[in-house]
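Throughout, read-outs are computed from the coordinates displayed, never taken from laboratory work. None of the values given here were measured: they were computed from a predicted structure. Cβ atoms come from the backbone with ideal geometry, glycine included; neighbour counts cover every protein chain shown.
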Amino acid sequence: MGTNRKGYYDYEVEIEKALLEAGMVEEIFYLNDLKQRKLFLNVDVEQLSVADIVKHIMQYNKEDKGIDPKDRQPILLYVTSNGGEVDSGFELIDIIQNSKTPVYTINLGYQYSMGFLIGLAGHKRFATQNAKFLMHDGSNFVYNSGAKAQDQMEFQRKVEERVKQYILSRSKLTSEEYDSKLRVEWYLFASEAKDKGFVDYIIGEDCDIDEVI
């Protein structure tokens with residue numbers, strides 16, 4: 001086997017050949033995506049779906065240690081999701097925002113709810129012309145009674161305030177506009193999302209697709 005390994009995600013020709021012989025074509029595509037720093041979140045947001053993405057972002061940063069951030073190869077995170085868990089979503093958001101290696105988020109179809117919040121985190125945010133976005137207040141359940149329920153509600157108010165401040169910091173929204181939209185299902189196409197500062201570049205209008213593949 002070769003000895004010219006460049007990093008954690010580089011693998012020798014023999015490995016690819018073995019996978020091909022075993023009929024594991026999807027695994028070959030997956031490994032090639034990792035080598036090209038392409039990550040995909042195309043399911044609901046939960047611990048299982050974000051854990052590997054978090055791990056890979058951390059690994060890319062480890063490989064890039066000592067390289068000026070502006071000279072690092074960006075990580076491409078394609079997010080197409082209906083949303084999901086707040087806790088898991090903010091685990092991924094925090095890693096993206098703290099990544100010294102740039103993470104670009106790309107909306108190829110739709111980013112709803114927590115998927116929308118994750119898309120906002122990118123150091124650069126891209127969307128196709130017909131991509132859709134959804135911002136709303138999410139769903140929460142109080143499953144205790146009495147003082148415990150009050151505690152949960154009070155903590156949920158703190159969570160909602162953090163979400164608000166995060167969205168305001170990553171967009172052009174004012175506090176008043178955010179409050180007016182919070183309790184509705186606010187759907188936007190890419191052009192509207194760009195006007196509000198939710199996305200930076202529309203593919204095919206502001207940039208070429210080559211920038212995100």
Give me the angle, in degrees from 0 to 90, between the Cα long axis of helix 86-98 and the longest principal axis of the Cα atoms of the chain, rounded to the nearest 10. 60
For the chain, find the longest principal axis of its Cα atoms and tell me its angle to the long axis of helix 25-35, 0 to 90°, nearest 10. 80
Mind ordering 101-110, 30-39 by average Cβ neighbours within 10 Å, highest first? 101-110, 30-39
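Return a whole-number percent for the relative contact order of the chain, with Cα pairs under 8 Å and 6 or more residues apart as the contact set. Numbers along the way, then the final one.
Details: 316 pairs, mean separation 34.7, N = 213.
Relative contact order comes out at 16 percent.
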Rounded Å value of the spacing that divides the Cα centres of the range 20-70 and the range 76-94: 15
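What is the magnitude of the charge dipole of the range 37-212 about its Cα centre, with +1 placed on the Cβ of each Lys and Arg, -1 on the Cβ of each Asp and Glu, and no other charges, expressed in debye to the nearest 20?
On the way: 22 positive and 28 negative charges, 59 e Å.
With Lys and Arg at +1 and Asp and Glu at -1, about 280 debye.
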Between Leu182 and residues 5 or more places away or on another chain, the pairs with built amide H atoms under 5 Å apart involve none
Which angle between 0 and 90 degrees, to the nearest 10, do you get for helix 47-63 versus the longest principal axis of the chain when only C-alpha atoms count? 50
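With r as the distance between the Cβ atoms of Lys17 and Glu154 and R0 = 41 Å, compute the FRET efficiency 1/(1 + (r/R0)^6) and round to 0.05. Present the calculation step by step, with values, prior to reporting the outcome.
Working: r = 58 Å, r/R0 = 1.43.
Efficiency at R0 = 41 Å is approximately 0.10.
Rounded to the nearest 5, what is the percent of antiparallel bridges among the DSSP beta bridges in the range 81-213?
Working: 4 of 15 bridges.
Taking every DSSP beta bridge within the range 81-213, about 25 percent pair in antiparallel fashion.
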Identify which of the listed values of semi-axes √(5λ) of the Cα gyration tensor in Å was calculated from the structure shown: (i) 26, 23, 14; (ii) 34, 21, 16; (iii) 41, 18, 17. (ii)
Note to self, the chain gives a 222 nm [θ] from helices alone (DSSP H runs n ≥ 4, -39500 (n - 2.57) apiece, / all residues, nearest 500) of -13500 deg cm²/dmol
Zone of Glu211's modelled label, taken as backbone nitrogen in the range 157-196 under 17 Å from a point 7 Å along Cα→Cβ: 190-196
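Considering only Cα-Cα distances, which of the following residue pairs are longer than 21 Å: Lys35/Lys62; Lys55/Lys100; Lys38/Lys124; Lys100/Lys181; Lys158/Lys196; Lys38/Lys100?
Working: Lys35/Lys62 14 Å; Lys55/Lys100 14 Å; Lys38/Lys124 15 Å; Lys100/Lys181 33 Å; Lys158/Lys196 24 Å; Lys38/Lys100 16 Å.
Violating the 21 Å limit, Cα to Cα: Lys100/Lys181; Lys158/Lys196.
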